Amino acid sequence: MYQSETTVRVRYGETDQMGYVYYGFYAMYYEVARVESLRQLGVTYSEIETMGIIMPVLENKSKYLAPARYDEVLKIVTTIREKPVLRIKFEYEIYNEADKLIHIGETLLVFVDKQTNRPRKPPVEMENVLAPFFS
């Protein structure tokens, strides 16, 4: 299992009239956490794309437990529980500044060859950096 943490500060434009984060922005927070999670592993999205692989989202799930508010710093814990084969699932837990769990979610992505537009295995470089977490 691999786990990472990142933070985001809620910007004013991400909130609604009640001062709560608008529900659509959680998918953006997932993306920030996912990209930073891979960067912390030592592989970036741009490097993966340079290798000829894209990673479209197949599923996006969210469960709202409590609102996030303007100017809060949110901690996002990203977990990969299973070694990726053709797909990779990221799980997210979002905590507010009081360290209260306020949101859980997940995204399922597929590795796709840019040339053939067909599913494929993750790049060897990604498999190598993930290997110690799944041995």
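Laboratory data are not the source of any read-out in this text; all were calculated from the coordinates shown. The model shown is predicted, which means the values in this text are computed figures rather than measured ones.
Which whole-angstrom value gives the distance between the alpha carbon centres of segment 6-50 and segment 65-82?
After rounding, the separation between the Cα centres reads 10 Å.
Using a Cα-Cα cut-off of under 17 Å, which lysines could be cross-linked to Lys83, ignoring same-chain neighbours fewer than 8 residues away?
Filter leaves Lys121.
Using Cα atoms only, what is the angle between the long axis of helix 25-41 and the major principal axis of the chain, expressed in degrees (0 to 90) to the nearest 10?
The two axes meet at around 50 degrees.
Find the relative contact order for segment 2-134 and round it to a whole percent, using C-alpha pairs within less than 8 Å whose residues are 6+ positions apart.
30 percent
Under a cut-off of 16 Å between alpha-carbon atoms, report the aspartates and glutamates in cross-link reach of Lys61, not counting same-chain residues fewer than 8 places apart.
Once the sequence-local aspartates and glutamates are set aside, what remains near Lys61 is Glu31, Glu91, Glu93, Glu106.
Please label the shape of segment 91-135 as rounded, prolate or oblate, based on the square roots a ≥ b ≥ c of the eigenvalues of the alpha-carbon gyration tensor (a/c under 1.5 means rounded; beyond that, a/b larger than b/c means prolate, else oblate).
Oblate.
Check which residues have an amide H placed less than 5 Å from Ile102's amide H, if you skip close sequence neighbours.
It is Ile94, Tyr95, Asn96, by chain and number.
Whose amide H sits under 5 Å from the amide H of Thr15, counting only residues 5 or more places off or on another chain, with H placed in the peptide plane?
Those qualifying (amide H under 5 Å, at least 5 residues apart or on another chain) are Tyr22.
For Asp71 and Val124, calculate 0.36 nm times their separation in residues minus their Cα-Cα distance, and state this gained length in nm to one decimal.
Gain on stretching Asp71 to Val124: 15.1 nm.
Quick one: Karplus J couplings for segment 102-114, per residue in order, coefficients 6.51, -1.76, 1.60, θ = phi - 60°, nearest Hz, x for Gly and Pro?
10, 7, 10, x, 7, 10, 10, 10, 10, 7, 10, 6, 4
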